[in-house]
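I have placed the structure first, in the form of structure tokens, so that the comments after it can refer back to it.
The values are calculated or read from the model by the stated rules, or taken from the named source; none is laboratory data. Source: prediction; values computed, not measured. No Cβ is skipped: glycine too gets one built from the backbone with ideal geometry, and neighbour counts run over all protein chains shown. What goes into the accessible areas is simple: the full protein's heavy atoms, side chains included, and nothing from ligands, DNA or RNA. Shrake-Rupley method; radii C 1.70, N 1.55, O 1.52, S 1.80 Å.
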Amino acid sequence: MVSFMSDRPTIRDVAERAGVSIATVSRALNDKGDVSVDTRERVRKVARSVGYSADRAARSLATQKTRLVAVVVGDNAGHRDLSLVFFAKVLAAISRRLAQSSYDPLLLHPNDVGLEHRFDAAVLIGVDNDDALVADLVSRKVPLVGVDVRCADGRAAYVGSDHADGIRLALAHLHALGHRRIAHVAGATNTVAGSERLQAFRSESAALGLDLPDELLRVGDFSSASGYRETCVLLALAERPTAIVAASDLMALASLQAIRDAGLQPGKDIAVVGFDDLEAAALAHPALTTIRQDRQELGTLAATRAIELIEDSDAAPQATILPVELVVRGSTC
């Protein structure tokens, strides 16, 4: 054991090989801004080559930092598996970005976040804005980053997509194709995404002069089952819609199936637009027109905001809305 410990590479070894001071090595490995890019990369390359890794336990005791960021994934849409379907790419991007700055993610369910868990910041996903968990973390003075979660109190940054613009793009596309009776299958309205998309559908329909009776507004919960169910209701109307905008790709893909099961041709008899651009959207038949969210950038930016709040106690929390993109495919031919 003594021999093993003595052979372990130290920060001094890295400093000597990189030709810099021990303090510079520490600042480079901790991603401080006063170290040049070239020096930071040289130090990291040397650290990797000699197998050096910081003693997390010792550093935690010295700095009162754990180098852990809690990533709390809830199921406020009612389906935890749905959260993971959409957020898998977001979570991967969070993990990669944290690793670049020597942080580790701690994946937790909201019910599992207790005082026994120590972390330097928390990224919240799939949690209601007014969830008791948010108030608890604020009381513990934990910096927060909400991904489509707006935290009114504490040091809380926000990262989300432009849900309203996505709906505007979808409706403008369908309107240009000549559709005037357009329905919306909304997502869970207790979520930022569901409520903002529903509100945008109402306001943009009015701006385009579209008639929007209540029967054309159906509320789902982002799941395939709700998409299929609500599409069947729309198809049973005396005057069915010529197009459907669904608040998620999972609901839109189910809409395609419901239309087929009714003996109609999706894309030809009834156009369908989704929201998310999941991998399955391009593989559907017909391929699904949808609104693409940059899920990788959502995760990368969420992690970056968390690191900023941890490392600069004076940093002002930011709210960032990422642009979305209309992807036209066969379901609106």
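Protein chains only, probe 1.4 Å: how do E279, E196, E16, E215 rank by accessible area, largest first? Walk me through the numbers before you get to the answer.
Numbers: E279 105, E196 50, E16 130, E215 80 Å².
Largest accessible area first, the residues go E16, E279, E215, E196.
Computed from the coordinates I sent, Cα Rg over 2.2 N^0.38 Å equals one of [x] 0.98; [y] 1.21; [z] 1.02. Tell me the label.
[y]
Can you tell me which of S101, S224, S26 moves the most in a GNM of the chain? Springs connect C-alpha atoms under 10 Å apart.
Result: S26 has the largest fluctuation of those listed.
Search the structure for amide H atoms under 5 Å from the amide H of V219, placed 1.01 Å from N in the peptide plane, and list their residues when 5 or more places away or on another chain.
The list, which skips near neighbours in sequence, is A186.
Can you compute the helix-only [θ] at 222 nm over the chain? Use -39500 (n - 2.57) per DSSP H run of at least 4 residues, normalise by all residues, nearest 500 deg cm²/dmol.
Working: 12 runs with 145 residues, N = 333.
Helix-only estimate at 222 nm: -13500 deg cm²/dmol.
Describe numerically, in nm with one decimal, the distance between label points set 7 Å from Cα along Cα→Cβ at L177 and at A238.
2.7 nm
Once the other residues with Cβ under 10 Å from the Cβ of A157 are scored (Lys, Arg +1; Asp, Glu -1), what is the net sum? Before the final figure, lay out the partial values.
Details: positive: R155, R305; negative: E308.
In short, +1.
Could you compute the FRET efficiency for C333 and L115, with r as their C-beta to C-beta distance and R0 at 45 Å, rounded to 0.05?
On the way: r = 56 Å, r/R0 = 1.24.
The formula returns an efficiency of 0.20 here.
How large a share of the accessible area of segment 205-333, in percent, is made up of carbon and sulfur atoms when the probe is 1.4 Å and the other protein chains stay in place?
Working: 2740 of 5380 Å².
Here carbon and sulfur together make up 51 percent of the probe-accessible area.
Using 1/(1 + (r/R0)^6) with R0 = 30 angstrom and r between the beta carbons of R202 and R150, what's the FRET efficiency to the nearest 0.05? Intermediate results must be reported in sequence, preceding the final value.
Working: r = 20 Å, r/R0 = 0.66.
Using R0 = 30 Å, I get an efficiency of 0.90.
Springs between alpha-carbon atoms under 10 Å, Gaussian network over the chain: tell me which of D165, D153, D120 tops the mean-square fluctuations.
Residue with maximal mean-square fluctuation among D165, D153, D120: D153.
Any chance you could run the full-extension gain for E16 through D211? It's 0.36 nm times the residue separation minus the Cα-Cα distance, nm to one decimal. Display every interim value, and only then the final one.
Working: separation 195, 0.36 × 195 = 70.20 nm, distance 7.31 nm.
Answer, rounded to one decimal: 62.9 nm.
May I ask you to give the percent of accessible area on segment 126-191 that is carbon plus sulfur, with a probe radius of 1.4 Å? Provide the component values of the computation, followed by the final result.
Details: 1200 of 2450 Å².
Its accessible area is 49 percent carbon and sulfur atoms.
Taking amide H positions as placed in the peptide plane 1.01 Å from N, state which residues far from G126 in sequence (5 or more) or on other chains have amide H under 5 Å from it.
G74
Where is the GNM fluctuation largest for the chain (alpha-carbon springs, 10 angstrom cutoff): V273, V69, V20?
V20
Given a 1.4 angstrom probe, what's the average accessible area per residue across segment 207-258, in square angstrom?
Values: 2050 Å² over 52 residues.
Averaged over the residues of segment 207-258, the accessible area is 39 Å².
Please list, in order along segment 88-94, the HN-Hα scalar couplings obtained from phi with the Karplus expression 6.51 cos²θ - 1.76 cosθ + 1.60 (θ = phi - 60°), rounded to whole Hz, x for Gly and Pro.
4, 5, 5, 5, 5, 5, 4
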